[in-house]
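Please read the structure below before turning to the comments.
The values are calculated or read from the model by the stated rules, or taken from the named source; none is laboratory data. Because the structure is a prediction, the values reported are computed rather than measured. Heads up, the Cβs are rebuilt from the backbone with ideal geometry, glycines too, and the neighbour counts pull from every protein chain shown. Accessible surface areas use protein heavy atoms only, side chains included; no ligands, DNA or RNA. Shrake-Rupley method; radii C 1.70, N 1.55, O 1.52, S 1.80 Å.
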Amino acid sequence: MGLPFKDIVTPRELPWSALSGRTVAVDGYNALYQFLATIRQADGQPFSDAEGRPTSHLIGSFYRTTSLLAAGVRPAWVFDGKPPERKAGTIRQRIEAKERAGEQWQAALAVGDLATARRRAAQTSHLTPPMVEETNELLGALGVPTVRAPSEGEAQAARMAADGVVWATASEDYDTLLFGAPRLVRGLAARRSSRAGAGAAQLIDRAELLAQLGVSGDELIMIGILVGTDFNDGARGYGPKKALKLAQEHLGWAETIARSGMDPNEADEVAEIFRHPSTTAVPSLEFRDPDAGRVTEILVRRHGFSEERVRSALERATRASARVSPVPPSPRGRQQKLDGFEEVPS
DNA sequence: CTATGATA
DNA sequence: TATCATAGG
């Protein structure tokens, strides 16, 4: 999660018209953690219901899904399964970082620094299995498909895009590109000022990226491993620029790794995760109309959401999806080109 | 994060 | 109709 590729990718602006009718594989954990981080009050306290149970993830996934459906976009949500052994270090580091952030949050509150408090609180976000389970229940009630990956959700989403089951993956992280996703959509959220046609989301086309960088797919994996992934720490002194430069020398796998000073066994193990990730075949995705009764049961009855807000969001979603006809999936994810969109000056 | 209501 | 502040659970 969070490959530092910002400096080496050139995204294109993706107008909502190009997204309408298309199915995307949303990286569920990526989205849920974002909701937990951002849907908070001024002091950093997450939203919760009358019984103190967290609701930020439900608010986020409900409004994100209904607003995507209202825009004619069909989101299939993909969730992580069992993490690869190699991820253990990253997971431990994240837990420690959360503990530190929690202390800093309290410290900031104690001195009345609300801005810092909120920022630190965002870093403490904790997603539990029951929260994931209930999100899945909600998404089911909304009529959108959910997929539980055998291992990494990003790998599963990438495969679905490569198989043409979805048009693209949707995540803020670049990992799906290493897993072979032909297209990645970032910024699927920022649909603010896109009323008058101005695009909001960004598209990264993998083939185009490889051509631009002048590297192969395997060399892209190499760059990731050099800068560090969820599964390794990276080579000393290598950031995205230097890693790209080394990959562009096309020295071959073994020689490149030797140059970087990395442990070759470790590099091979991590490469294997990206080259042959554990995924499952998803035949087709079924979208249905939202079940208003079930959604109301979960959000209004169980968690005290405003019935009026839920009702109107559902109405927007169903009205739009009746109007927009789905763009049929294409085999091997390699259909019409999307030329002519503006490059985004990052 | 998105929706909503106030304001120009 | 567009922009801004803030409510939402």
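Some points to look at:
- Cβ-Cβ contacts under 8 Å between residues 6 or more apart (or on different chains), taken from a first residue in the range A:281-301 that is assigned by TED's automatic domain parsing to the domain that holds residue A:161 and farther than 20 Å from residue A:162 by Cβ to a second residue that is in a helix (DSSP H, G or I) and within 16 Å of DNA strand B (Cβ to nearest atom), are absent.
- Lone qualifier among A:20, A:48, A:67 - being among the polar types (S, T, N, Q), assigned by TED's automatic domain parsing to the domain that holds residue A:162 and surrounded by fewer than 15 Cβ atoms within 10 Å (Cβ to Cβ): A:48
- Complete set of residues in the range A:139-166 that are surrounded by fewer than 20 Cβ atoms within 10 Å (Cβ to Cβ) and assigned to a helix (DSSP H, G or I): A:140
- Output for the range A:242-280, where each listed residue is within 21 Å of residue A:217 (Cβ to Cβ) and under 23 Å from the mean Cα position of the chain (by Cα): A:270, A:271, A:272, A:273, A:274, A:275, A:276, A:277, A:278, A:279
- Some residue of the range A:275-292 being among the β-branched types (Val, Ile, Thr), open to solvent by less than 10 Å² (accessible area, probe 1.4 Å) and at negative phi: no
- When the test is whether a residue is more than 30 Å from residue A:320 (Cβ to Cβ), within 16 Å of DNA strand B (Cβ to nearest atom) and either touching a residue at least 12 places away in the same chain (Cβ under 8 Å) or open to solvent by 20 Å² or more (accessible area, probe 1.4 Å) (or both), residue A:119 passes it.
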